[in-house]
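The values are calculated or read from the model by the stated rules, or taken from the named source; none is laboratory data. Owing to the predicted nature of the structure, the values given are computational and were not obtained by experimental measurement. Reconstructed Cβ throughout: ideal geometry from the backbone, glycine too, with neighbour counts over all protein chains shown. Ligands, DNA and RNA are stripped out before the accessible areas are found, and what is left, the full protein with its side chains, is counted by its heavy atoms. Shrake-Rupley method; radii C 1.70, N 1.55, O 1.52, S 1.80 Å.
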Amino acid sequence: MQLEWFDYELPESLIAQTPLKDRTSSRLMTLSKADGSVGHRQFEDLIDYLEAGDVLVLNDTRVLPARLFGVKADTGAKAEVLLLKQLDGDRWEALVRPGKRLKTGAVIAFGGGTAEDGTEKPLLTATVEEAGEMGNRVLRFAYEGIFNELLDRLGHMPLPPYIKEQLPERERYQTVYAKHEGSAAAPTAGLHFSEAYLDKLEQKGIQLAYVTLHVGLGTFRPVSVDEVETHEMHEEYYEVGEETAERINTAKTNGRKVIAVGTTSARTLETAARESGVQGRIQACSGWTGIFIYPGYTFQIVDALLTNFHLPKSTLLMLISALAGREQVLAAYREAVERRYRFFSFGDAMFIY
């Protein structure tokens, strides 16, 4: 399976740079798995496609202000760090720029502070302990106080590189149900929901269930191989609780639909299905998943998917192609371009059913 099979043309003007003022006011393209038919609705029409007893599964990860801007302690040259995953204690996996200048032993300083003796000292420092490929590093942080408080003070939201505009409110890059801190990016399909709309869904009898998957390096690392099957996903931490497993298994038993909100929720559910060892059922579990879903994969749990429009040649585009068929997905994307849908993180939504 060739990487170029998942390419498409996208005018840069269609990449959404800022979120809409009202979370639920985006457009909604619908795509039928059965026949590839496409519909054009508003996001709030999603409720028309759901029935009482269906389960909507949301990823409740919370984005860390994981982008830090500092300087090399010895030269004062600018340096940038994107935290990806806490390894143990004060050691983190991160992406750094410029990678060529930040070799093992390099020290990066963040923020200015005054020591007890009156001298200036940084609030936070990071020492490069291990150097990997493509700017990947293992950093050890040193500081006084509480790390998360310093991160909240010094860090910036890790917006994707295709977003050039500043985000005026941090919370606009969080879902309204974000709970467990640990992501380097938002599960953006969930950004469309408001608390009021979630209440409206529940009033119709649609059940909400939550999983956690902390988005990591896989979101930022492009597919660099020509043969899709040889791509290796970066592992990300996930959790599925007892209540969520019970709700999903009950829905499956009763013939109701399970709708994943976002590719992260879909990957988590399919990982939990693998862990259970029982066809069409999941169990409470946690750990690290590197599941890679591309055409040819048979979904065990996910019946429908709410998602955004994804980058060309991305693993996310491959996942939705596995669910709805590559040709049908690419045809829908061509129509979305013609009708000037907004693409990517702050863009419009797609419902595959």
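Assorted remarks:
- Just one of the numbered conditions (1) buried (at least 17 other Cβ atoms within 10 Å of the Cβ); (2) in contact (Cβ under 8 Å) with a residue 40 or more places away in the chain; (3) in a helix (DSSP H, G or I) is not true of P295: (3).
- Where L20 falls short, out of the listed (1) hydrophobic (A, V, I, L, M, F, W, C); (2) part of a loop (DSSP other than H, G, I, E, B); (3) in contact with a strand residue (DSSP E or B) (Cβ under 9 Å, 6 or more places away or on another chain): (3)
- Test: residue in the stretch 213-220 that is crowded, with 20+ Cβ neighbours inside 10 Å, in contact with a Phe, Trp or Tyr (Cβ under 6 Å, 6 or more places away or on another chain) and in a strand (DSSP E or B): yes
- Taken over the stretch 78-90, the criterion of being within 17 Å of A109 (Cα to Cα), touching a residue at least 40 places away in the same chain (Cβ under 8 Å) and buried (at least 16 other Cβ atoms within 10 Å of the Cβ) is satisfied by V81, L82, L83.
- When residues of the stretch 1-36 are limited to those that are closer than 20 Å to K164 by Cα and free of Cβ contacts under 8 Å to residues at least 40 places away in the same chain, the one least open to solvent (accessible area, probe 1.4 Å): S13
- So R267, is it within 26 Å of T230 (Cβ to Cβ) and surrounded by fewer than 17 Cβ atoms within 10 Å (Cβ to Cβ): no
- If you go through the stretch 37-63 and keep only what is assigned to a loop (DSSP other than H, G, I, E, B) and open to solvent by less than 10 Å² (accessible area, probe 1.4 Å), you end up with L50, D54.
- Scanning the stretch 261-289 for residues that are closer than 16 Å to S314 by Cα and either at pLDDT below 95 or touching a Pro at 6+ places or on another chain (Cβ under 7 Å) (or both) turns up G262, T264.
- Screening E229, E171, E149, E235 for residues that are touching a Phe, Trp or Tyr at 6+ places or on another chain (Cβ under 8 Å), on the phi < 0 side of the Ramachandran plot, of a type outside the set (V, I, T) and exposed (fewer than 15 other Cβ atoms within 10 Å of the Cβ) leaves exactly one candidate, E229.
- E129 vs. criteria touching a residue at least 24 places away in the same chain (Cβ under 8 Å) and surrounded by fewer than 16 Cβ atoms within 10 Å (Cβ to Cβ): yes
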